[in-house]
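To start, the structure itself, in structure tokens.
None of the figures in this text is laboratory data; all of them are computed from the coordinates on show. These numbers were taken from a predicted model, which means no experiment stands behind them. Because the Cβ atoms are built from the backbone with ideal geometry, glycine has one as well, and the counts that use them run over all protein chains shown.
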Amino acid sequence: MNIGLTEILIVFLSPFIAYIINALAWKKLPRHGDFVSILGIAIPFVIMLGLFFQMLSLSDPNFLFMQSFEWFRLSDNPVDIFKVGIYIDNLAIVMLTMVTGVATLIHIFSSYYMHGDPNYGRFFTYLSLFTGAMIGLVLSQNLLTLFIFWELMGFCSYALIGFYTEKDRAGYASMKAFLTTRVGDVILLLGIVALWIHVGSVSYSDIYQALASGSLNDKHVLGFSLIGFAAFCMICGTIGKSAQFPLQIWLPDAMMGPTPCSALIHAATMVAAGVYLLLRMYPLIHTAHLDLLVAYIGAITAFIAASIALVQKDLKAVLAYSTVSQLGYMVLGIGVAAYNASFMHLITHAIFKACLFLSAGSVIHSLHDDETGDGVQELARMGGLRKKLPLTHLAMLLATLAISGVPFFSGFVSKDRILGDALFWSQGINGGSFLYLIPTILGFISAVLTPFYMFRMMILAFYGETRDKKLYDHCHHEHFAWNSNLPLLILGFLSLGVFFSGSLTGQSWGVILPSISEWFSKLMVPVFGSINMATATTEVLEHAQHSAHHTATLVSLALAATGIGFAFLFYFWKIFSSENLSKSLHGIYNFLSEKWYLDKILMTMTYKVSRFFYSIAKWFDNVFIDAILVDGSAVLVNLGNIILRYMQSGHIQRYVTVMVVGVVSYLMYLAYFVK
Amino acid sequence: MGAIILNLVLWLPMLSALGLLIFTSQSSEDVKRIKWISLISTAFTFLLTLDLLFYFDFANPSIQPALSMTIPWISSFHINYTLGIDGISYSMLFLNNLLFPICILCSWNIEKNPRSFFALMLFLQTTIIGVFSSLDFFMFYCFWEFMLIPMFFLISVWGGENREYAATKFFLYTFGGSIFMLVAIIGIYFVSDAGPDSLNMIAMQGGLFAKKTIALGSWKIPFSDFAFWLLFIGFAVKVPLFPFHTWLPHAHVQAPTAVSVILAGVLLKMGTYGFLRISYPIFPEAAAAYSYVIVLLGLISVIYGAFCALAQTDMKKLIAYSSVSHMGFVMMGLGSLSTSGTNGAVLQMFNHGLSSAMLFLLVGVLYERSHHRWIVRPDHTLGYTGLSKHMPKYTIVMLISLFAALGLPGLSSFISEFLIFLGAFKSFTLLTILGAIGLLFGAAYLLWMYRRMFFGTPSEEVKTYEDMNWREILYMAPLCFLVIFLGIMPAPLIDLVRFSVENLVKKFTVLV
């Protein structure tokens, strides 16, 4: 494959150039500079698309393009030379194609959604920086530059979540997002530092090499093995950025931002970065034997978020929790050695989740509440929108089918593979012990919850009768427009499974695009330098894997059908009453709508603990150090001053008195004590 | 020629200050002239500082030969007029001379006795340049102490409501600290036995005191320990290192904006510069022996400063405690005795100079409009709301400054904090990991402040403020540019200091 450095630099720099142009002059540009940002991401997309098809035709799983440049040096010692560089393998190409593609569509949609906002241009400015940072993160050749872009994205999400500055809640949500993710970030930074000290650099290739050579095995950090410590830090970074348990609390609040930015955060950038880090550091985690921890984190996140999504009343909240849940699947996949499937789920999820969020944006934008001056997000005020918004409905339906794991759609292909690998991992590799079964079971349970809450949302929004007549009548009938509908339909179309597996089913039969059949599995292999982590090859294991996948497919098909069926029974045909159920199970219902009390517990704890510490610090500083030690010493000096002043008064009588008292006491001392 | 320019840089502000004294009237014409003379003088000083680079040999790790001079002054006591700079002191000179024209601009509307104000500011500039460029202990000490005079008057005359208390506290505290330093200097003078060189900082380096002891009564202690800790008190007060920091919040809160900027931007660095120039190179044995104490105190400052900042409701106090926290990182880097840690410390000195100056300038901008500094008033109402809607330009500059201060990658402080972590992690793993708490809470208090002030609907009062004017943008622009530029391309600054740092670190590698 011929990758030129110029091409890559164009891909990397275009969004940043667009950012700089818009940051300086969006107010003076025509259309407030939206075309600058759109061009700034469309150009990289076109280039990446070219590279993507080259990758497909080349079909080399070990393709690698690496180049590094010196950034600065502290001394001529190789440890003190800091490098920046580019690391492009198939993973990066697919990732970049997805990021630039999805971001382009989101940019285009934003020109519809944000139209008329007084800060229209500023929104595009941040979008450019955001996508630029994500592109930089994917291109990074080492963990330090990855971290730089990682944090830069944190800043962009902070700015975008707090975009509506008049809303006080936006300020709270943006602060919460930044600080929660920063918990993970700071730990990640420690991991990077530890690796740097012992490996001598943090470039991926050096880390892989050090792992392969085993030179890190006898290194320790505070009594823990270095590999374990570093891997743990990387996992913490992911927990923060990809909203995993227990730091998942920030992502649902992040929907305070404009909807296109939610789409960007939830799909193409930000949360994807955490999973991407795990994929890159996969051998580290595996060597550290932290797979089980990762699997548990993923499974717990998937389950908790899915259960909370069941009772959400806000359109975007349902989607936000579904993101958390799906990210849980990806992390679970990494834990159960489903490297390939996990990455595939990252890509498929990015596409259908972008579609879902943009569709939600389309719905919210159409439902304008004149009283608040805002779009309406509550599901309770929707219903029957299918007739008013047919195109949005179509796109959202496609994406919902995908996320629910219905055959022929992308979510089915990728999620099913994760579950199959999970089953194989717990049964085949680890002998079905209970400890290893739990994550898999949680994964399957979430697979029945997902279609239920997604179809609940679809039915409540688009089907049945409207529940807010005034709002419904106010809503204009949708006409096709390139910047509002086209992005949704493209994304909806790409939610078909065939693009990822070459076959309709994701299985060996129903192949309709043989030229790209299983390109994903063939090209994204877990090979890291000289470490090959492709899964087992013995015949017995292969057979076990096949049968596990077979079982998983059947089970998840049944689960999807059950979930969708119950959603229709409850909300469409209304054979069961959801109100009665929530009343009779109000304990569980409250527990779920209070988000398992996790949010409350964590936030209260943070407030209480930090208030405790800062009150102590304040008291200690004002009273102990300043008043007692510092001013106290001044008081002592002052006291001495008073005494001396009294003695040195200039009155002869006083001097004589002091002298007499002195002499008498001395004489008495001599008389009584000195024998 | 270079040495002459260095002399000019040193004395030009002082001469201009004397020049201002010819204006005896306070007519608006004269006030205008006074301002312009101060501005031109400081700007010219800055240009001359840039000119010094032409004589600079980057690869030379020690004092630049082209930029140093020695003239015998009081020969009977071996006191010389010795000037000289290396990369580290140049970075500080650059920072100082960049901040002074900015400070003149930000004090443009000062009403109370402008002549004396600007004259004192210029006098202050000379004393600070003197500290960073003199290589003779006597001169160093003189400049160090002279610096207190303009500072005292600037705070006690132009300060806030409680200015005299703060000024006196500042004066006594730092003066008290420097007395210990004086004892150490006198000790060095007598113990070194180096004849005409006994007050030369550079000649004292190289383990001259390794085996010397000093008798305190019947108690014999190594001289290097004795002098190191005496110097430590003098410098730690200036840094300020926990528990010697309580003068700082008072001084900052009461000082006028320009003085706060200089105080946070440059004066605090005199303390860490003292470690770099005197304590560490002259007593490397003591530095190596007590590195754990230094890193620990640095760490305590980091965390303690962050928690104290979290408790503040006054903007200036909050930023003052953030300075305690950020200067703690410098001490952690210094104490690590490693290449990356020490480089990080020097960079952090520079970068904190930029970011804290920016924050104080912005507080000043707001204070000029509102005349209060409350984030949350004592009656629990918000001091400001919805600033970002009403003052978009101000908001952008504030965002840059805040994120520069909390060490966002891509802005300058990140590199220095990362280098400090990298340097300290190997020998002080646990302390470094705890230092990460400081990073976390560093973000917390700054964002808390931002959220309280900038979100929500603008209050009636806020609506009366005008956005930043051209003068304010003019003096913020170079700082914004520098924090972004050094965040992306730190190489120019690092290349300036790294040889000098390497030279210093070499002294420890033989010991550790």
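Just rank B:Thr45, A:Thr269, fewest to most, by other beta-carbon atoms within 10 angstrom. Present the calculation step by step, with values, prior to reporting the outcome.
Values: B:Thr45 26, A:Thr269 29.
Neighbour counts put them in this order, fewest first: B:Thr45, A:Thr269.
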(request) Enter the mean number of other protein chain beta carbons within 10 Å of the beta carbon of each residue in A:148-161, as an integer. (result) 3
(message) Taking θ = phi - 60°, what integer Hz values does the Karplus form 6.51 cos²θ - 1.76 cosθ + 1.60 yield along region A:424-437, in sequence order, with x for Gly and Pro?
(response) 4, 5, 7, 8, x, 8, 9, x, x, 5, 4, 4, 8, 7
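Working from the pairwise distances between different alpha carbons, so that the mean of 1/r is found and then inverted, what is region A:414-462's Kirkwood radius in Å? Kindly include the intermediate steps, with their values, before the conclusion.
Numbers: mean 1/r = 0.0842 Å⁻¹.
Result for region A:414-462, one decimal place: 11.9 Å.
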(message) Over chain A, what is the relative contact order in percent, taking alpha-carbon pairs closer than 8 angstrom and at least six residues apart?
(response) 12 percent
(request) In debye, nearest 20, what is the charge dipole magnitude of region A:601-673 about its Cα centre with +1 on Lys and Arg Cβ and -1 on Asp and Glu Cβ, if you could check? (result) 120 debye
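Neighbour counts of other C-beta atoms within 10 Å: give me B:Trp470, A:Trp619 arranged from fewest to most. Before the final figure, lay out the partial values.
Working: B:Trp470 6, A:Trp619 11.
Starting with the residue having the fewest Cβ neighbours, the order is B:Trp470, A:Trp619.
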(request) For region A:265-379, calculate the relative contact order in percent as a whole number, restricting contacts to Cα pairs under 8 Å that are 6 or more residues apart. (result) 30 percent
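Take the cross-link list A:Lys241/A:Lys574; A:Lys176/A:Lys618; B:Lys316/B:Lys463; A:Lys469/A:Lys600; A:Lys470/A:Lys574; A:Lys219/B:Lys317 and give me the ones stretching past 32 Å between alpha-carbons.
Values: A:Lys241/A:Lys574 39 Å; A:Lys176/A:Lys618 24 Å; B:Lys316/B:Lys463 22 Å; A:Lys469/A:Lys600 36 Å; A:Lys470/A:Lys574 24 Å; A:Lys219/B:Lys317 44 Å.
Cα-Cα > 32 Å for A:Lys241/A:Lys574; A:Lys469/A:Lys600; A:Lys219/B:Lys317; rest within.
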(request) Estimate the FRET efficiency between B:Glu466 and B:Asn113 by the formula 1/(1 + (r/R0)^6), using the beta-carbon distance for r and 41 Å for R0, to the nearest 0.05. (result) 0.95
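Do you know the relative contact order of chain B, to the nearest whole percent, from alpha carbon pairs under 8 angstrom that are 6+ apart? Provide the component values of the computation, followed by the final result.
Values: 881 pairs, mean separation 78.4, N = 512.
Rounded, it is 15 percent for chain B.
Can you list the DSSP H helices in chain B whose Cα atoms extend at least 18 Å along the helix axis and whose mean Kyte-Doolittle hydropathy is 1.6 or higher? Kindly include the intermediate steps, with their values, before the conclusion.
Numbers: long enough: B:2-20 (27 Å, 1.98); B:28-52 (36 Å, 0.64); B:87-106 (28 Å, 1.66); B:114-133 (28 Å, 1.33); B:163-192 (42 Å, 1.18); B:223-238 (23 Å, 1.52); B:291-310 (28 Å, 2.26); B:315-335 (30 Å, 0.80); B:339-370 (46 Å, 0.60); B:392-405 (20 Å, 1.49); B:412-425 (20 Å, 1.66); B:429-454 (38 Å, 1.36); B:470-488 (27 Å, 1.71); B:491-509 (26 Å, 0.53).
Helix filter hits for chain B: B:2-20, B:87-106, B:291-310, B:412-425, B:470-488.
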(request) Rounding to the nearest 20 debye, state how big the charge dipole of chain B is about its Cα centre with +1 on each Lys and Arg Cβ and -1 on each Asp and Glu Cβ. (result) 560 debye
(request) For helix A:120-139, report the angle its Cα long axis makes with the longest principal axis of the Cα atoms of chain A; keep it between 0 and 90° and round to the nearest 10°. (result) 90 degrees
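Ordered by packing density, taken as the mean number of other Cβ atoms within 10 Å over each peptide's residues, highest first, how do A:7-15, B:234-242 rank?
On the way: A:7-15: 19.7, B:234-242: 25.8.
In descending order of packing, they fall as B:234-242, A:7-15.
To the nearest 20 Debye, how big is the dipole of region B:290-512 about its Cα centre, given +1 on the beta carbon of each Lys and Arg and -1 on that of each Asp and Glu? Don't jump to the answer; show the numbers that get you there.
Working: 15 positive and 11 negative charges, 44 e Å.
Roughly 200 debye for region B:290-512.
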(request) List every residue whose amide H lies under 5 Å from the amide H of B:Leu382, counting only residues 5 or more places away in sequence or on a different chain, with H placed 1.01 Å from N in the peptide plane. (result) B:Arg377
(request) Compute the long axis of helix A:539-567 from its Cα atoms, compare it with the longest principal axis of the Cα atoms of chain A, and write down the angle in degrees, 0 to 90, nearest 10. (result) 90 degrees
(message) For a quick check of your reading of the filter: which chymotrypsin sites (Phe, Trp or Tyr not before Pro) in region A:476-579 sit in a DSSP loop and have no more than 13 other Cβ atoms within 10 Å?
(response) A:Phe480, A:Trp482, A:Trp509, A:Trp573, A:Phe576
(message) Just to check I understand the Karplus step: with θ = phi - 60° and J = 6.51 cos²θ - 1.76 cosθ + 1.60, what whole-Hz values come out for region A:296-308, glycine and proline as x?
(response) 5, 4, x, 5, 4, 4, 4, 6, 4, 5, 4, 5, 5
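I need the trypsin sites (Lys or Arg not before Pro) found in region A:292-369, filtered to DSSP loop residues with at most 14 other beta carbons within 10 Å of theirs.
A:Lys313
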(request) Evaluate 2.2 N^0.38 Å with N set to the residue count of region A:198-268, then give the Cα radius of gyration divided by it. (result) 1.55
(request) Quote the FRET efficiency, to the nearest 0.05, computed for A:Phe673 versus A:Ser615 with a Förster distance R0 of 41 Å and r equal to the Cβ-Cβ distance. (result) 0.20
(request) Provide the per-residue ³J(HN,Hα) series for region A:343-354, in order, calculated from phi with Karplus coefficients 6.51, -1.76, 1.60 and θ = phi - 60°, each as a whole number of Hz, with x at glycine and proline positions. (result) 5, 4, 5, 4, 6, 4, 4, 4, 6, 6, 6, 4
(request) Enumerate the amide H contacts of A:Leu367 below 5 Å, restricted to partners 5 or more residues apart or on another chain; note that Pro and chain-start residues carry no placed amide H. (result) A:Val376
(request) Select from A:Ser501, A:Ile308, A:Tyr112 the residue farthest towards the positive end of the dipole of chain A; place +1 on Cβ of Lys and Arg, -1 on Cβ of Asp and Glu, and compute about the Cα centre. (result) A:Ile308
(request) Taking the dipole about the Cα centre of region A:601-673, with the C-beta of Lys and Arg at +1 and of Asp and Glu at -1, give me whichever of A:Val658, A:Asn641, A:Trp619 is farthest to the positive side. (result) A:Trp619
(request) Please work out the C-alpha center-to-center distance from region A:6-33 to region A:200-252 and express it in whole Å. (result) 35 Å
(message) For B:Ile22, A:Ile334, B:Ile179, which order do you get if you count the other beta carbons within 10 Å of each Cβ and list the fewest first?
(response) B:Ile22, B:Ile179, A:Ile334
(request) Enumerate the amide H contacts of B:Tyr81 below 5 Å, restricted to partners 5 or more residues apart or on another chain; note that Pro and chain-start residues carry no placed amide H. (result) B:Ile71, B:Trp73
(message) For a protection proxy built on the mean count of beta-carbon atoms within 10 angstrom, sort A:647-660, A:225-238, A:600-613 highest first, please.
(response) A:225-238, A:600-613, A:647-660
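Give the average, rounded to an integer, of partner chain Cβ atoms located within 10 angstrom of each Cβ in A:613-626.
Values: counts 9, 10, 3, 4, 10, 7, 1, 4, 12, 4, 0, 2, 6, 7.
Whole-number average of other-chain Cβ neighbours for A:613-626 is 6.
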(request) List the trypsin sites (Lys or Arg not before Pro) within region B:114-194 that fall in a DSSP loop (any state other than H, G, I, E or B) and whose Cβ has at most 10 other Cβ atoms within 10 Å. (result) none
(request) Describe numerically, in nm with one decimal, the distance between label points set 7 Å from Cα along Cα→Cβ at B:Phe58 and at B:Thr381. (result) 5.6 nm
(message) Rounded to whole Å, give me the distance from the Cα center of region A:581-609 to that of region A:272-303.
(response) 27 Å
(request) Any chance you could check the Cα centroid distance between region B:62-92 and region A:439-486 for me, in angstrom? (result) 76 Å
(message) Please give me the summed charge of the neighbours of A:Phe163: other residues whose Cβ is under 13 Å from its Cβ, Lys and Arg +1, Asp and Glu -1.
(response) +2
(message) Can you tell me the orientation of helix A:390-404 relative to chain A, as the angle in degrees between its alpha-carbon axis and the longest Cα principal axis, to the nearest 10?
(response) 70 degrees
